[in-house]
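Colleague: Starting off with a structure, shown below.
None of the figures in this text is laboratory data; all of them are computed from the coordinates on show. Remember, it's a predicted structure, so these values are computed and weren't measured experimentally. Here the Cβ is made from the backbone with ideal geometry for all residues, glycine too, and neighbour counts use every protein chain on show.
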Amino acid sequence: MSTVIEMENVSKVFGKKRAVHSMSFVMERGHAVALLGPNGAGKTTSIAMMLGLTKPTSGRVRLFDGDPKTAAAHERIGVMLQEVSVPPRLSVRETIDMFRGFYPRPLPTDRLLQVSGLTEDQKTMAQKLSGGKMRRLQFTLALAGDPDVLFLDEPTVGMDVASRRAFWDEVRTFLRAGKTLMLTTHDLQEADMLADRIVVMQNGAVIADAPPESIKMQFGGRTVSFVAGSDIDFERLRRLPDVTDVQTVGRQVTVRTQNSDALLKTLILESWDIRDIQVHGGGLEDAFVRLTEEGGEAQ
Ligand SMILES: Nc1ncnc2c1ncn2[C@@H]1O[C@H](COP(=O)(O)OP(=O)(O)OP(=O)(O)O)[C@@H](O)[C@H]1O
């Protein structure tokens, strides 16, 4: 498997602000990585360094085993950053054609118009597009050179539900061709759906790096809730292996556990007077909240 990005002990300091701290990271070809983290965690700065747009204060970044700033590397990547402007006074079609001209083997214009969902708007001045349509155009421009690797920084901000769906369909088509994706998003459902690896950053450092399933198992846990009668032994419940929290509101009991199957067995074997048992959670969002609250480490 070939390496697309390699970061070795990379740090970036802006004045007194340490935006990224000792980041080491390797991304292999064909993978879909979601880089997550609260606002200001250092995601955009990391991507800017991977692309050679920002120079690290220390450490080493390689893109396709070379300097990220070289044209050879850039011909093979497509980039959609948060703030991008399009050239003035060009229609949607002209803008697409202009970007096609930057690459040796661009995708056909009509295919790109189809990706953009803007075939009917192809004569509209690109600058006049609505926010969501502009994001679709920017995505299309990122695909213009038929890249091997896509960098998408919060790509779906401003897109409506239909645009989002069409957009993710295109990203899936891209991944099915064995290509590589680096994505930042605050939409954890999207990350969970698409990524085979989740990297969580906080305060400039990587605090978790694992497949979504292991992150959810390790940090997501599950909650089992039920309505309790009078004979529940709460002390025993709290001491059960894998139970991390027990909350009660009136007769409603909510138990957080790393092993909901074992808890359910115990609840039934104890013959306690309980009803309306429900199992919830195990989602990436739960895991993300716990991880960033605790600053935990998963590898
Ligand atoms: N050019 C800059 N000058 C000074 N500080 C900067 C600069 N760029 C980023 N920072 C700071 O570095 C930290 C990391 O910022 P970055 O934009 O990488 O975070 P992020 O995880 O992408 O956040 P968000 O989710 O809000 O986009 C923040 O505290 C930010 O204010």
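Colleague: If I fit a long axis through the Cα atoms of helix 260-269 and take the longest principal axis of the Cα atoms of the chain, what angle between them do I get, 0 to 90°, rounded to 10?
Modeller: 20
Colleague: Also, I was wondering about something else. At a 10 Å Cβ-Cβ cut-off, how would you order 146, 65, fewest neighbours first?
Modeller: So the ranking, lowest neighbour count to highest, is 65, 146.
Colleague: Next question, about the same structure. Dipole of the chain, Cα-centred, from +1 at each Lys and Arg C-beta and -1 at each Asp and Glu C-beta, to the nearest 20 debye?
Modeller: That gives a dipole near 1020 debye.
Colleague: Expressed as a whole percent, how much of the Cα-Cα distance distribution for the stretch 212-299 exceeds 18 Å?
Modeller: Roughly 43 percent, rounded to a whole number.
Colleague: Continuing with the same structure: For 280, 31, what's the fewest-to-most ordering of other Cβ within 10 Å of each Cβ?
Modeller: 280, 31
Colleague: So which GluC sites (Glu not before Pro) in the stretch 13-106 end up in coil per DSSP with only 13 or fewer other C-beta atoms within 10 Å?
Modeller: 83
Colleague: Among the trypsin sites (Lys or Arg not before Pro) within the stretch 1-86, which fall in a DSSP loop and have no more than 13 other Cβ atoms within 10 Å of their own Cβ?
Modeller: Answer by residue number: 16, 69.
Colleague: Can you give me the C-alpha center-to-center distance between the stretch 205-261 and the stretch 29-82, rounded to a whole angstrom?
Modeller: Using only Cα atoms to place each centre, the spacing works out to 38 Å.
Colleague: Where does the chain land at 222 nm, in deg cm²/dmol rounded to the nearest 500, when only DSSP H runs of n ≥ 4 count, each adding -39500 (n - 2.57), divided by all residues?
Modeller: Theoretical 222 nm ellipticity from helices: -9000 deg cm²/dmol.
Colleague: Please give the net charge around residue 88, taking every other residue with its beta carbon less than 14 angstrom from that of residue 88, where Lys and Arg add +1 and Asp and Glu add -1.
Modeller: My count for the surroundings of residue 88 gives +1.
Colleague: Once you list every other residue whose beta carbon is under 9 Å from the beta carbon of residue 257, what net charge do they have if Lys and Arg are +1 and Asp and Glu are -1?
Modeller: 0
Colleague: Also, I was wondering about something else. Once both axes come from the Cα atoms, what is the angle between helix 161-176 and the longest principal axis of the chain, in degrees from 0 to 90, rounded to 10?
Modeller: 80
Colleague: Let me see the P(r) profile for the stretch 3-216: every Cα-Cα distance counted, bins of 10 Å, each bin given as a percent of all pairs.
Modeller: With a bin width of 10 Å, the distribution comes to 8, 34, 36, 18, 3.
Colleague: Sticking with this structure for a sec: Reachable lysines from residue 55, Cα under 24 Å, same-chain residues fewer than 8 places away excluded?
Modeller: Partners within reach: 12, 16, 17, 43, 69.
Colleague: With N residues in the stretch 159-210, what two-decimal value do you get for its Cα radius of gyration over 2.2 N^0.38 Å?
Modeller: 1.27
Colleague: To continue, here is another question. Report, to the nearest 10°, how far helix 284-294 tilts away from the longest principal axis of the Cα atoms in the chain, using its own Cα long axis and a range of 0 to 90°.
Modeller: Roughly 80 degrees between the two axes.
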